[in-house]
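The values are calculated or read from the model by the stated rules, or taken from the named source; none is laboratory data. These numbers were taken from a predicted model, which means no experiment stands behind them. Every residue, glycine as well, gets a Cβ built from its backbone with ideal geometry; the counts of neighbours run over all protein chains shown.
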Amino acid sequence: MGSLTTECSMYCAVSAWPNRGHKERRMLAYTVRRILAAIPTALGVATVVFLLLHAIPGDPVDVMLGETAARADRAELRAHLGLDRPILVQYVGFMTGLARGDMGESIHSRRPVVELVTERFPATLALAAAAALAAICIALPLGLLSAARPGSMLDRGSLTASLLGTALPNFWLGPLLILFFAVHLGWLPVSGNDGPRHLILPAITLGLSLAGILTRMTRSTVLEALHEDYIRTARAKGVSETKTVAKHALANAVTPILSVLGLQLGSLLAGSVITETIFAWPGLGRLTVQAISTRDYPVVQGCVLMIAGSYVLVNLATDLAYAWANPRVRYGEDE
């Protein structure tokens, strides 16, 4: 009898190998398709950024030399910057430089744009990650508690708080937090990036809106999952309500939450412009504002492209995570 059981176990393990390889091939094919689909998106973003920035009124040469500069000096500088060439020639040069990893040179500092962008990007990435972490730590408990007790005072309070978090704009919330926690209480620094304490206020300012969105999404998806048959089966087996909500309901409602989280992570990178300006955070957002005010086209292009490229990569990662969490997504594309 023991040998028969062992043989059956070995047969089941061996028969599972082809199925496992088939799943891995499907996931690999899905990943390749998503990467190939992201390439034209990135090229389109680069094209739109180039065209829109060149359509903005204002001449960087006038900003650098002043409107009273001699015509010969202005023409010489314009030729040095390549602004006297046709727009199509400039576009081809821009795309060729991107293919080589060259974003040009800053008009004012004369430093390569790649260096400026790579110096500031880690600070923006740290701010976005901290904001996302703060949003998740706030949203998941509130959403689960609201779904577990719908209609209660806790549910109403969490929905009201999520609505306020979504409605309050960053340019108002940031100064309010500075006045209360930095000026009035003196607990936290006002600005800068000299340690983890400097990250708290910007992260809360940037992540509170995401927390409101995730709270409502978590509540709605978990509340919907609680009416499924497998939840009633778990309750009939005597599983505790806490385990039913936190393990079974949340595990099956995670895919919509992943989608919203992925989309909003890209928005955090783009929305960091206002927050970084308020808190003097040395990231891409603040560099973008400074470059726009001085008409430094190469730096603006580099910052916007880095943010847009990060948005594309985050959405690609979200698609892959969604397919990993919900195999029907990748199976549906293969059929």
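Which ones in region 156-197 are in a helix (DSSP H, G or I), without any contact (Cβ under 8 Å) to a residue 40 or more places away in the chain and either in contact with a Phe, Trp or Tyr (Cβ under 6 Å, 6 or more places away or on another chain) or not aliphatic (A, V, I, L, M) (or both)? Arg156, Gly157, Thr160, Trp172, Phe180, Phe181, His184, Arg197 - these are the residues of region 156-197 that are in a helix (DSSP H, G or I), without any contact (Cβ under 8 Å) to a residue 40 or more places away in the chain and either in contact with a Phe, Trp or Tyr (Cβ under 6 Å, 6 or more places away or on another chain) or not aliphatic (A, V, I, L, M) (or both). Contact annotation: residue pairs with Cβ atoms under 7 Å, 6 or more positions apart or on different chains, pairing a residue in region 96-119 that is without any contact (Cβ under 8 Å) to a residue 24 or more places away in the chain with a partner that is crowded, with 17+ Cβ neighbours inside 10 Å and among the small types (Gly, Ala, Ser), are Gly97/Gly104. One residue stands out in region 160-177 among those that are farther than 15 Å from Ala280 by Cα and polar (S, T, N, Q): the one that is farthest from the chain's Cα centre (by Cα), namely Thr160. Inside region 186-222, can you point out the residues that are modelled with pLDDT of 85 or more and surrounded by fewer than 16 Cβ atoms within 10 Å (Cβ to Cβ)? Correct list: Trp187, Arg197. Taking residues in region 144-155 that are assigned to a loop (DSSP other than H, G, I, E, B), and partners anywhere that are surrounded by 13 or more Cβ atoms within 10 Å (Cβ to Cβ) and β-branched (Val, Ile, Thr), not one pair has Cβ atoms closer than 8 Å while being at least 6 places apart or on different chains.
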